[in-house]
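All of the numbers you see were taken from the coordinates with simple rules; none came from a lab. The shown structure was predicted, so the numbers you read here are calculated from the model rather than taken from an experiment. Glycine also receives a Cβ, built like all others from the backbone with ideal geometry; neighbour counts cover every protein chain displayed.
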Amino acid sequence: MSLKEYFSHQARRPSGIFGRFFMPRVFDKGNSALNQSMVELVGAGGSDRILEIGFGTGTVLRDMADALTDGTVEGIDFSDTMVGVAKKKNKHHIMDGKVKLTQGNFDEMSYPSDTFNAVCSANTLYFWPDPEATSARILNVLKPGGALVLAFVGKGKMKDMPLSKGVFSLFFPEDVHALLKNAGFSSVETHPVNGQDSALYCVKARK
Ligand SMILES: C[S@@+](CC[C@H](N)C(=O)[O-])C[C@H]1O[C@@H](n2cnc3c(N)ncnc32)[C@H](O)[C@@H]1O
């Protein structure tokens, strides 16, 4: 396996020593502006019930939980390595019941309908095997009026990065806009992060 292939598989699902010690640095440093913007757009507060899909190191879970009074942030990630890292980072919030972590694949979970005030996910869209089906699942678990915030790096930048095309599917913001509209979301808005040139985007939509 080439280095490009190996790194791409690690980005999709970190594992082993490399996943435990190298990928958290990549995620926390490289994805911080995008993640911060996603947190602002979710705007967690009060007694909100929030779900993050693919939480990686768990920084976003911690930041959102900090903003809650008696709400909860649930996270699902299918990498046992990342669940271990996020567990450590969220130790206090897990103990006080504000953060709940699940190891698993979002596409295989059966959350009840109309459960969450907001669902968010950063840098996971590239790996969704069936984006239409996953969007529909998210719509189903959101409460009416609830918000989805999807954060990603656009195809304009990603296409020039040394990543495996077999692992990463790339999206322009207009692709994501159309995906969510077709899935039945309303008020779909694209928010460029750090201006248009950075090619970082959050797309926010409502049920
Ligand atoms: C590229 S990392 C992004 C981590 C973090 N969101 C960030 O932006 O720094 C993708 C993460 O999503 C997880 N992931 C990808 N697809 C998933 C799925 N279908 N269900 C649960 N976790 C998933 C991976 O295990 C990994 O931790």
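Before moving on, here are some points about what is shown:
- Computed magnitude of the charge dipole of the chain (debye, nearest 20; Cβ of K, R +1, Cβ of D, E -1): 420 debye
- Geometric descriptor of region 1-140, per residue, is 108 Å³ (volume of the convex hull of the Cα atoms).
- Of the residues VAL188, GLY166, TYR6, the one whose Cα sits farthest toward the positive end of the charge dipole of the chain, with +1 on the Cβ of Lys and Arg and -1 on the Cβ of Asp and Glu, is TYR6.
- Net length available on complete extension from MET161 to ILE17 is 49.5 nm, with 0.36 nm assigned per residue and the Cα-Cα distance removed.
- Per residue, the convex hull volume that the Cα atoms of region 1-74 enclose (Å³): 90 Å³
- Over the residues of the chain, the helix contribution to mean residue ellipticity at 222 nm works out to -11000 deg cm²/dmol, using -39500 (n - 2.57) for each DSSP H run of at least 4.
- Dipole magnitude of region 70-118 about its Cα centre (Cβ charges: Lys, Arg +1; Asp, Glu -1), debye to nearest 20: 380 debye
- Screening the chain for DSSP H helices whose Cα atoms reach 18 Å or more along their own axis and whose mean Kyte hydropathy is at least 1.0 gives nothing.
- Dipole axis of the chain (+1 Lys, Arg; -1 Asp, Glu on Cβ), positive-most option in ALA205, ALA67, ASN35: ASN35
- Partners for LYS181 among lysines (Cα-Cα distance below 28 Å; same-chain residues under 8 apart left out): LYS143, LYS155, LYS157, LYS159, LYS165, LYS204, LYS207
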